[in-house]
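Undergrad: Following this message is one structure expressed as structure tokens.
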């Protein structure tokens, strides 16, 4: 953890309210990029991410106790997700919950799930792991996922692979399950 | 002809639900996906462990593929929003009985009138 972030964390957990407020700016500057990229996995929408993060930072300012003994960035991200982000993520969807058929438990699991080993890996590590897993896929499976990650629609993926949209959906589903197995195996090996 | 044979199942299959969820996550419209679920589809999701496994991968793909989109150029503006939020919470904390005192005032006003 860099010195700037360490000092900001020290200031954030100080008993003095004004000192905590002053420490917020360097803390936000040091962590905004990390937090918003992480949150984007769950929301996929930058405006929503910023709204949630505003509340997350205000919650941290109000109750910074959980950040007292943080020693590294990974631990910081895990703590912030578990104790601050998840609560806010769930609130985003609470207001529409009345009209949904999903149970409260399933909804929670879908929008703010329990933390998995993969969720806490840094983006660069994740890119590397995913790259390795993708290279083990069949060419057609890899192409479908790559196109999907480039933002292509199922229709254009189907055109590219010369197949139907229905077949593309099945291919993507099976490939995601295959990837999940590969990634799980990778972590067990670690 | 028996009724079951004439009714076709219009609910999405689990693989279609997963792909739609992943697409909604990618395009930032999860609420629309959630609202689109029928009772049968919600039950299908609840009982499929494969669906839950695949959602993890779709989140990972989302994080790797699209998270860069989320980086705001103006962090200073964001900080000013956070600061304003903190200030309003501070204000709220300073007057925890704000509502009660307002109600008390109106009661005294009413009493004074009568």
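We did not get these values from a lab; they are worked out from the coordinates using the rules stated. On a predicted model such as this, the values are computed, not experimentally measured, just so you know. Cβ atoms come from the backbone with ideal geometry, glycine included; neighbour counts cover every protein chain shown.
Undergrad: Using only the Cα atoms of region A:1-67, build the gyration tensor, take square roots of its eigenvalues as a ≥ b ≥ c, and label the shape rounded, prolate or oblate: rounded if a/c is under 1.5, else prolate if a/b is larger than b/c, else oblate.
TA: Prolate.
Undergrad: Between A:72, A:159, A:63, where does the largest GNM mean-square fluctuation fall for chain A, given springs only between Cα atoms within less than 10 Å?
TA: Fluctuation is largest for A:159.
Undergrad: For peptide A:121-131, compute the average count of partner chain beta-carbon atoms within 10 Å of each residue's beta-carbon.
TA: Per residue, the average neighbour count from other chains is 2.
Undergrad: Next question, about the same structure. Give the average over all directions of the projected area of the C-alpha convex hull of region A:3-117, one decimal, in nm².
TA: 7.5 nm²
Undergrad: Moving on. Using the Cα gyration tensor of region A:98-175, with a ≥ b ≥ c the square roots of its eigenvalues, what is the shape: rounded (a/c below 1.5), prolate (a/b larger than b/c) or oblate (neither)?
TA: Because a/c hits 1.5 or more and a/b fails to exceed b/c, region A:98-175 counts as oblate.
Undergrad: Using a Gaussian network for chain A with springs between C-alpha atoms less than 10 Å apart, which of these wobbles most: A:38, A:93, A:81?
TA: A:93
Undergrad: For chain A, what does the relative contact order come out to in percent, with C-alpha contacts under 8 Å and a separation of six or more?
TA: Averaging sequence separation for qualifying contacts and normalising by length gives 14 percent for chain A.
Undergrad: Helix-only estimate, please: 222 nm mean residue ellipticity of chain A, summing -39500 (n - 2.57) across DSSP H runs of length 4 or more and dividing by its residues, to the nearest 500.
TA: About -23000 deg cm²/dmol.
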